[in-house]
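Inspection log for the structure reproduced underneath, given as structure tokens.
The values are calculated or read from the model by the stated rules, or taken from the named source; none is laboratory data. All figures in this text were calculated on a predicted structure; none of them were measured in a lab. Positions of Cβ are backbone-derived with ideal geometry, glycine not excepted, and every protein chain shown enters the neighbour counts.
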Amino acid sequence: MLSFMFILLVTFAVLSSAAKTAWHKLDESYSFEKFVKEHNIRFKNEDDKQVRKGLFAQELQRVLNHNKKNLSWKEGMNKFSVMTASEKKVFHGRSKNVAAAAKKEGHLKHSKPMPANLNRPINGLPSSVDWRKKGIMSAVKDQGHCGSCWAFASTATIESYVALATGQLFDLSPEQIAMCAPNPNSCGGTGGCEGATAEIAFEYLASASKTDGMGHFEEFQYPYLSYSGKDMKCDVDSVLDITAPKGTIDGYVQLPTNNYTALMNAVATQGPISISVDASVWHSYEGGVFDGCNQENPDIDHAVQLVGYGEEDGKKYWLVRNSWSASFGEAGYIKIARSDDDDKNCGLDITPQDGSACDGDTASVTVCGTCGILADSAYPTGAGLV
């Protein structure tokens with residue numbers, strides 16, 4: 001597995017790229033050579049180059065055909081365009097709704113009751129919300145070839161709540177969360193680059209803050225070393241010997257599964273929310289309101305951060321921050337189709353062991369909203385500084 005990750009790293013290394021060709025400038029004349037130059041892609045050998053060239057031709061034609069349909073979102077060519085389906089999957093991270101199963105076994109002790117005001121009718125909420133405009137969002141990050149989306153989504157959300165509580169925005173460490181949060185029941189994965197959930201992350205930090213007087217280090221104190229897909233040893237003791245952490249929380253609120261009203265109220269009144277989604281067909285998204293997920297059998301496989309909602313060209317959307325770098329989508333963000341009856345727009349996730357359940361739980365799960373966006377949502381409480 002490790003060697004495979006390093007091959008990917010070499011194959012798709014992106015150093016400094018030229019300005020990429022936007023979707024509206026793509027046509028049949030867009031060449032493989034120009035694509036390679038724009039994205040500074042390297043190949044293992046000539047055989048690998050020819051394989052990627054074939055994938056490029058197929059994807060370019062698919063993208064051009066999609067954009068001719070004049071749907072609510074546009075697609076483009078990016079670093080994922082010459083990857084196979086299995087290679088793309090590495091950039092997700094197994095993360096689904098497992099909090100209930102884990103709480104049943106006593107491993108998630110810092111869950112808080114949902115505030116009653118999150119049940120209020122949504123007609124009293126603002127027509128749009130964008131937490132990026134409040135100065136509480138750090139720059140979009142890149143998880144790389146490690147399935148640590150859950151750590152990036154939870155870290156970004158902790159950053160925002162610390163900023164809301166203190167007025168200070170810090171770049172906190174996803175590496176610390178990914179490599180140090182225990183996951184004894186293999187919930188949402190086995191931890192690290194093999195996946196987990198935001199609840200696991202919040203539980204770890206709340207417990208560390210209460211019992212050890214420890215908190216969330218900044219990125220420069222505990223840098224991200226797992227981009228290649230390699231799990232690293234948890235090293236908080238060594239880091240603590242030379243510096244002090246910054247952020248703390250005392251728990252988290254998990255919103256009711258598939259509850260549109262609660263999620264709307266939470267993102268409007270509390271702050272950004274860590275959520276889980278089916279991102280299996282997001283890779284070529286470039287702009288607009290995305291509505292292309294498999295709604296019958298969504299496969300919840302990725303954790304991201306919900307930062308608001310709004311409406312564009314008459315189509316309502318959720319505003320979501322991804323962790324595939326700012327080169328993805330709209331400067332690292334994607335707009336997901338939203339409707340006021342999202343909790344009735346449901347499908348059945350029939351592959352829970354592809355990242356959802358704790359070890360041994362194979363039951364199918366009903367998930368609602370476009371891309372299953374209502375399936376699993378949580379945010380931290382009691383944020384502050386050490």
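With the structure loaded, tell me whether residue 210 is buried (at least 16 other Cβ atoms within 10 Å of the Cβ), in the same structural domain as residue 175 (by TED's automatic domain parsing) and in a helix (DSSP H, G or I) or whether it fails that test.
Answer is yes for this residue.
Look through 237, 241, 278 and report the one residue that is in contact (Cβ under 8 Å) with a residue 60 or more places away in the chain and among the charged types (D, E, K, R). 278 is the lone residue from the list that is in contact (Cβ under 8 Å) with a residue 60 or more places away in the chain and among the charged types (D, E, K, R). What do you reckon, is residue 79 in the same structural domain as residue 284 (by TED's automatic domain parsing), at pLDDT below 95, under 30 Å from residue 156 (Cα atoms) and not polar (S, T, N, Q)? No, not satisfied.
With segment 234-297 as the region, which strands (runs of 3 or more DSSP E) entirely inside it contain at least 2 residues that are under 17 Å from the mean Cα position of the chain (by Cα) and surrounded by 22 or more Cβ atoms within 10 Å (Cβ to Cβ)?
Values: elements: 251-254, 273-277, 285-290.
Passing ranges, in order: 273-277, 285-290.
Close contacts from segment 369-386, counting a first residue that is farther than 23 Å from residue 349 by Cα and a second that is surrounded by fewer than 24 Cβ atoms within 10 Å (Cβ to Cβ) and aromatic (Phe, Trp, Tyr), with Cβ to Cβ under 6 Å and a gap of 6+ residues or different chains, come to 380/161; 383/161.
Do we have residue 332 as at pLDDT below 95, touching a Ser or Thr at 6+ places or on another chain (Cβ under 8 Å) and buried (at least 18 other Cβ atoms within 10 Å of the Cβ) here? For residue 332, the condition - at pLDDT below 95, touching a Ser or Thr at 6+ places or on another chain (Cβ under 8 Å) and buried (at least 18 other Cβ atoms within 10 Å of the Cβ) - is not met.
Yes or no: segment 339-350 includes at least one residue that is surrounded by fewer than 18 Cβ atoms within 10 Å (Cβ to Cβ) and in a helix (DSSP H, G or I). Within segment 339-350, one or more residues are surrounded by fewer than 18 Cβ atoms within 10 Å (Cβ to Cβ) and in a helix (DSSP H, G or I). Filtering segment 72-92 to residues that are more than 16 Å from residue 54 (Cβ to Cβ), under 19 Å from the mean Cα position of the chain (by Cα) and hydrophobic (A, V, I, L, M, F, W, C) leaves 90, 91.
Please pick out the residue among 151, 206, 139 that is of a type in the set (A, V, I, L, M, F, W, C) and free of Cβ contacts under 8 Å to residues at least 60 places away in the same chain.
Numbers: 206 fails: free of Cβ contacts under 8 Å to residues at least 60 places away in the same chain; 139 fails: free of Cβ contacts under 8 Å to residues at least 60 places away in the same chain.
Only one candidate qualifies: 151.
Look through 281, 289, 267 and report the one residue that is over 29 Å from residue 384 (Cα atoms), in contact with a Gly (Cβ under 7 Å, 6 or more places away or on another chain), at pLDDT 95 or above and among the aliphatic types (A, V, I, L, M).
Working: 289 fails: in contact with a Gly (Cβ under 7 Å, 6 or more places away or on another chain); 267 fails: over 29 Å from residue 384 (Cα atoms).
Being over 29 Å from residue 384 (Cα atoms), in contact with a Gly (Cβ under 7 Å, 6 or more places away or on another chain), at pLDDT 95 or above and among the aliphatic types (A, V, I, L, M) holds for just one of 281, 289, 267, which is 281.
Quickly run through segment 298-319 and pick out the residues that are crowded, with 24+ Cβ neighbours inside 10 Å and not in a strand (DSSP E or B). Answer for segment 298-319, where residues must be crowded, with 24+ Cβ neighbours inside 10 Å and not in a strand (DSSP E or B): 298, 299, 300, 301.
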